[in-house]
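J.: Pasting a structure below so you can have a look.
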Amino acid sequence: MTDTIYALSTPVGGAIAVIRISGPDTLCALRAAFSGKIEHRYVAHGSITGADGSALDDAMAVYFQGPKSYTGEDMAELYIHGGYAVSRRVLSRLSELPLRPAGPGEFTRRAFINGKLDLAQAEAVGDLLEARSREGARHAAGQLAGALSKRIGEIYSALVDV
């Protein structure tokens, strides 16, 4: 069985920070740390709460029941205030739950393993994040949308026909 991971998905210091959670204990973790309504694909308003029930931040959250998520697993996103102190407090709270910090690219790797992305699309996620030009971003976005995979499929079908 897969463990449950979490990670900050945005840089700290902006108005909003996004934290992702994915794995079998997602719903349990969300219920333990978020006071709002939890329903599949419903964006809820509530508080991120400490183990003692105290409010750590005013937040929004959305829960995605697997396989209807980016990773194909149960997944959640928390939208919190993006300041350093708030982000640190919320991440510290998540570390108290049966979760572990995600490694680089782990959400995308899970999406690939669970058949949500093919290999070309998974590689395109990294390319899109690292793109330094408009053309590079456009190319990576096309690859992520399946352009390369579709072309490879066409070539494969033509070869099989031959």
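The values are calculated or read from the model by the stated rules, or taken from the named source; none is laboratory data. What you see is a predicted model, and the numbers here were worked out from it, not measured in a lab. Note that each Cβ is placed from the backbone with ideal geometry, even for glycine, and that neighbours are counted across all protein chains shown. What goes into the accessible areas is simple: the full protein's heavy atoms, side chains included, and nothing from ligands, DNA or RNA. Shrake-Rupley method; radii C 1.70, N 1.55, O 1.52, S 1.80 Å.
J.: For the stretch 82-131, please list each of the helices (runs of 4 or more DSSP H) lying entirely inside it that holds at least 2 residues being in contact with a Gly (Cβ under 9 Å, 6 or more places away or on another chain) and within 30 Å of Ser47 (Cβ to Cβ).
T.: 84-95, 106-113
J.: If you don't mind, there's one more thing I want to ask. From the residues in the stretch 69-80 that are closer than 19 Å to Lys37 by Cα and not β-branched (Val, Ile, Thr), which one is surrounded by the most Cβ atoms within 10 Å (Cβ to Cβ)?
T.: Met75
J.: Being open to solvent by less than 80 Å² (accessible area, probe 1.4 Å), assigned to a helix (DSSP H, G or I) and free of Cβ contacts under 8 Å to residues at least 40 places away in the same chain is the requirement here; does Ala158 meet it?
T.: Yes: the conditions hold for Ala158.
J.: Would you check if Val62 is outside any strand (DSSP E or B), buried (at least 16 other Cβ atoms within 10 Å of the Cβ) and of a type in the set (Val, Ile, Thr)?
T.: In short, no.
J.: If the requirement is being farther than 22 Å from Gly23 by Cβ, touching a helix residue (DSSP H, G or I) at 6+ places or on another chain (Cβ under 9 Å), surrounded by 14 or more Cβ atoms within 10 Å (Cβ to Cβ) and touching a residue at least 12 places away in the same chain (Cβ under 8 Å), which of these qualifies: Ala131, Ala120, Ala137?
T.: Among Ala131, Ala120, Ala137, only Ala120 is farther than 22 Å from Gly23 by Cβ, touching a helix residue (DSSP H, G or I) at 6+ places or on another chain (Cβ under 9 Å), surrounded by 14 or more Cβ atoms within 10 Å (Cβ to Cβ) and touching a residue at least 12 places away in the same chain (Cβ under 8 Å).
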